[in-house]
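**Q** This is the structure, below, for whatever I ask next.
The values are calculated or read from the model by the stated rules, or taken from the named source; none is laboratory data. Given the structure is predicted, the values throughout are model-derived calculations rather than measurements. Note that each Cβ is placed from the backbone with ideal geometry, even for glycine, and that neighbours are counted across all protein chains shown. For the accessible areas, the whole protein counts, side chains as well, though only heavy atoms, and no ligand, DNA or RNA atoms are used. Shrake-Rupley method; radii C 1.70, N 1.55, O 1.52, S 1.80 Å.
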Amino acid sequence: MGERRGRLVRLVQARGSVCSLGGVVTWEEMCTRVTSTLQLSGIPHWLYPSPVLCNTLRTFTWHKVGAIFKRSKPPKEKPLNFRMSSQASKDQLEGQKPPLLVDDHTIVTVRESKVLVLLRGLPGSGKSTLAKDIELKYKETSRLFSADQYEIKPVIRSSSGGDYTKLDDDLTTCFERREANLVILDDTHHDHERLDELFDLANKYHFTVVILEPKTPWRLDCAQLKDRNHWKLSLEELKNLRPSLEKDLLPLYFGWFLAKRDEDSLRKTSHEFLEQLGNLKAFKKRLQAYGYEDKHKLDLLKHFAKTPNILHCTSKFCDYGKAAGSEEYSRQEVVKKSYSKGYTLHITALFATPRTVGARVELTEEQLLLWPLDAEREVMPKDTFPRGSRAHLTLGTAAEVQDVQTGIDLLEFIKLQQAGKEGESLGELTGSVAGKVSYFDNGMWMVNLARKIEVKSIFSGYYGKPGVNVPLRGSKKGLLHQCHIM
């Protein structure tokens with residue numbers, strides 16, 4: 001009996017879930033508490049306290065029994081928003097999580113990139129849970145900002161709306177000091193004017209924007225959200241916010257945005273390509289197409305005066321939803337599943353014309369699923385090309401030339417090749433741009449790389465203003481931006 005009694009007491013102590021006696025109780029009540037505890041623990045019924053055992057327990061002094069239970073105080077109740085957040089985490093199905101949380105290649109790519117993640121959705125929809133999951137996954141290189149921490153109440157923007165001054169100051173400091181290469185911003189992001197401010201900030205510091213929304217079943221159910229949001233917003237307030245969040249936010253264009261490390265490397269490669277091409281004797285003899293007669297006056301780095309803010313391969317031009325087929329494209333299941341996913345792009349050739357300098361991209365079968373069927377016909381409706389022929393990276397353009405011209409120039413090369421014109425072989429380049437140089441008349445030069453260049457990228461959208469470019473600086477010493485990855 002003594003051994004059995006000792007085992008029971010140790011079980012009660014180990015369970016630690018019975019409250020303090022807190023006053024005068026009967027032995028029967030105490031035994032009932034012990035029995036409940038053992039039942040919850042899954043303890044065999046033969047260890048439950050019998051009347052004989054209760055009589056044995058009477059030999060214990062009151063203060064000893066009380067001490068056992070006092071050591072097992074009930075846990076403090078956690079705040080409402082914490083409990084809701086925990087529940088949201090349980091309800092967030094693994095298959096619905098974005099690739100940057102579950103895909104290994106994407107995780108590696110994000111760690112080598114500069115990404116601004118904007119969580120978007122109604123209060124109580126599960127944004128904070130998703131934000132914390134991302135922060136935890138990238139805890140060494142990320143920084144999380146929450147509008148709640150700044151006491152910014154989610155309301156329809158007005159003179160009495162939340163003040164973002166302090167939050168924006170802290171965001172700017174984070175960008176300027178390069179405190180993180182993954183910045184997470186948790187807010188409703190229902191106001192387009194506010195979003196435009198954030199897109200401008202991302203452009204200024206060369207961050208790719210990824211917009212994520214929780215996939216919880218109640219994310220648009222105002223009746224449920226009324227009880228879930230810690231701001232205690234009324235049903236009417238939530239319904240006022242919902243229309244601005246029901247429709248998907250479409251970018252200027254979708255595409256693959258290069259990881260910062262590979263982007264910096266490719267800019268160096270572009271520099272080397274232009275430098276070697278400009279020094280080629282055959283090139284110096286054919287300057288007329290570039291508007292120069294004197295070979296000493298042509299500097300290709302200055303000629304291609306602009307370069308995209310972030311190097312990217314556009315898949316679909318949407319014009320914020322105004323372009324034909326943009327909404328249908330964004331609703332494709334493959335587009336939804338691929339958003340924020342990391343991909344490796346393969347560059348097979350570099351080319352230059354009087355208007356543009358670019359890199360030809362060879363898309364994989366998986367990447368071609370994201371390529372619109374009419375992408376080539378959009379710019380050359382009378383010609384027929386294999387799907388993906390227009391895939392490219394714009395490395396630079398001449399003054400007043402738009403980036404879209406690079407893809408058109410690439411199709412001109414392919415059109416000539418389809419007609420059996422492979423160009424005149426005029427030498428070879430070396431180093432990272434090693435390959436045979438071909439000339440196609442009218443100032444069109446292409447080097448087919450002896451070895452493909454692989455670059456990591458993230459499939460996302462560009463949401464900022466059109467025409468944002470970065471002027472190429474300096475001479476032949478370098479093309480890199482001032483902003484580098486941490």
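**Q** Based on the Kirkwood radius over alpha-carbon pairs, what is the Stokes-Einstein translational diffusion coefficient of the stretch 103-223 at 10 °C with 1.306 mPa s viscosity, in µm²/s?
**A** 106
**Q** Checking the table Lys204/Lys239; Lys204/Lys232; Lys316/Lys421; Lys284/Lys316 against a 32 Å threshold on Cα-Cα, which pairs fail?
**A** Over 32 Å Cα-Cα: Lys204/Lys239; Lys204/Lys232; Lys284/Lys316.
**Q** At a threshold of 8 angstrom on Cα-Cα distance, excluding pairs fewer than six apart, so keeping six or more, what relative contact order does the stretch 225-371 reach in percent?
**A** 25
**Q** Spin-label point model (7 Å from Cα, Cβ direction): what's the Asp200 to Lys415 distance in nm?
**A** 4.0
**Q** Something else now. Give the calculated FRET efficiency between Glu366 and Glu424 to the nearest 0.05, with a Förster radius of 51 Å applied to their Cβ-Cβ distance.
**A** For Glu366 and Glu424, the calculated efficiency is 0.90.
**Q** Quick one: 3J(HN,Hα) in Hz for the stretch 348-361, Karplus 6.51/-1.76/1.60 with θ = phi - 60°, rounded, Gly and Pro as x.
**A** So the Karplus estimates, Gly and Pro as x, are 9, 7, 10, 9, 9, 10, x, 9, 9, 10, x, 10, 7, 10 Hz.
**Q** For the stretch 268-404, state what percent of all Cα-Cα pairs lands in each successive 10 Å bin, counting from 0 Å until the bin that includes the largest distance.
**A** Distribution as computed: 10, 35, 32, 17, 6, 0 percent.
**Q** May I pose another question? Using unit Cβ charges (K, R positive; D, E negative) and no other charged atoms, how large, in debye to the nearest 20, is the dipole of the stretch 115-271 about its Cα centre?
**A** Approximately 400 debye in magnitude.
**Q** Give the calculated FRET efficiency between Asp168 and Glu246 to the nearest 0.05, with a Förster radius of 22 Å applied to their Cβ-Cβ distance.
**A** Rounded to the nearest 0.05, the efficiency is 0.25.
**Q** Between His192 and Asn442, what is the FRET efficiency for a Förster distance of 41 Å, r being their Cβ-Cβ separation, to the nearest 0.05?
**A** Taking R0 as 41 Å, the efficiency between His192 and Asn442 is 0.40.
**Q** Can you list residues whose amide H is under 5 Å from Ala349's amide H, if they're 5+ apart or on another chain and H is modeled 1.01 Å from N?
**A** Arg360, Leu449
**Q** Residue by residue through the stretch 101-110, which ³J(HN,Hα) values in whole Hz follow from phi under the Karplus form 6.51 cos²θ - 1.76 cosθ + 1.60 (θ = phi - 60°), with glycine and proline marked x?
**A** Whole-Hz 3J(HN,Hα) from phi for the stretch 101-110: 9, 10, 9, 4, 5, 5, 4, 4, 5, 4.
**Q** Let me ask you something else. Using a 1.4 Å probe on the protein chains only, how many percent of the accessible area of the stretch 171-313 belongs to carbon and sulfur?
**A** Result for the stretch 171-313: 44 percent of the exposed heavy-atom area is carbon or sulfur.
**Q** Which value, in Å², gives the accessible area per residue of the stretch 390-441 when a 1.4 Å probe is used on the protein heavy atoms?
**A** Ligands and nucleic acids excluded, the figure is 45 Å² per residue.
**Q** Still on this structure: Under a 1.4 angstrom probe, counting protein chains only, how are Lys316, Lys382, Lys415, Lys166 ranked by accessible area, largest first?
**A** Lys382, Lys166, Lys415, Lys316
**Q** Leaving out ligands, DNA and RNA, what percent of the accessible area of the stretch 380-471 is carbon and sulfur, probe 1.4 Å?
**A** Ligands and nucleic acids excluded, carbon and sulfur reach 49 percent.
**Q** Which whole-number value in Å² is the accessible area per residue of the stretch 199-258, probe 1.4 Å?
**A** 45
**Q** Using alpha-carbon positions, what is the distance between the centroids of the stretch 371-421 and the stretch 119-145, in Å?
**A** 39
**Q** If you don't mind, there's one more thing I want to ask. List every residue whose amide H lies under 5 Å from the amide H of Gly396, counting only residues 5 or more places away in sequence or on a different chain, with H placed 1.01 Å from N in the peptide plane.
**A** Residues meeting the amide H criterion: Val357.
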